[in-house]
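Structure first, commentary second.
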């Protein structure tokens, strides 16, 4: 519900009639999630911003075809996921990897060891995602972060469910290799330090 009691379907119906402020309210409700999903796939703030803007622009243009009985969030999420995946599959590199500092999560406790382990885990994950082919990264993010079903991912990316499962398997394999490689290096460093 909006502060004045209007629900999203009301806002979308108004937006269909050309009410831009109503659509802007809908955008405000979903922009963080759409941007975050795009960022996890394309790995560039500037490109994620472009993807999110393009997704909402397409939604605005296609609003007359949107069924008001359906929730808007999953629909705009699929539009954004498809755009981000298209970008990630592009053979032309459009992005610079995000600085590792953007992926750091502050430690929940003052425990220095926990903070260091958290930071290292984030760095390993960020590097592994940066090295992952865009098609695998898109499937991985949609499944693990956005928690989409295989069917939803297949529809969003116009793939067969088998291809989705295969790409997800390869993405998880790649992440496991990166983690084991990092653990091996850490163990060797610890052994030298003793």
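The values are calculated or read from the model by the stated rules, or taken from the named source; none is laboratory data. Values in this document were obtained by computation on a predicted structure and should not be read as measured data. When we count neighbours, we look across all protein chains shown, and the Cβ atoms used for this are built from the backbone with ideal geometry, even at glycine.
A few remarks follow.
- Hits in the stretch 13-23 - residues which are outside any loop (DSSP other than H, G, I, E, B) and either in contact (Cβ under 8 Å) with a residue 40 or more places away in the chain or loosely packed, with under 15 Cβ neighbours inside 10 Å (or both): 13, 15, 16, 20, 21, 23
- Qualifying position, being farther than 18 Å from residue 139 by Cα and modelled with pLDDT under 90, among 74, 93, 21: 93
- Checking 156, 190, 138, 176 one by one, the residue that is assigned to a helix (DSSP H, G or I), buried (at least 16 other Cβ atoms within 10 Å of the Cβ) and modelled with pLDDT under 85 is 156 and no other.
- Long-range neighbours under 6 Å by Cβ, at least six apart or interchain, first residue at positive phi and free of Cβ contacts under 8 Å to residues at least 24 places away in the same chain within the stretch 31-53, second surrounded by fewer than 17 Cβ atoms within 10 Å (Cβ to Cβ) and outside any loop (DSSP other than H, G, I, E, B): none
- Residues satisfying the criterion are present in the stretch 62-82 (criterion: touching a helix residue (DSSP H, G or I) at 6+ places or on another chain (Cβ under 9 Å), within 22 Å of residue 127 (Cα to Cα) and assigned to a helix (DSSP H, G or I)).
- Check on residue 58, out of contact with any strand residue (DSSP E or B) (no Cβ under 6 Å at 6 or more places or on another chain), modelled with pLDDT of 85 or more, under 20 Å from residue 179 (Cβ atoms) and in a helix (DSSP H, G or I): no
- Cβ pairs under 7 Å, 6+ apart, first in the stretch 107-135 and assigned to a helix (DSSP H, G or I), second surrounded by fewer than 12 Cβ atoms within 10 Å (Cβ to Cβ) and modelled with pLDDT under 75: 118/105; 122/105
- So residue 149, is it at pLDDT 70 or above, exposed (fewer than 13 other Cβ atoms within 10 Å of the Cβ) and within 17 Å of residue 38 (Cα to Cα): no
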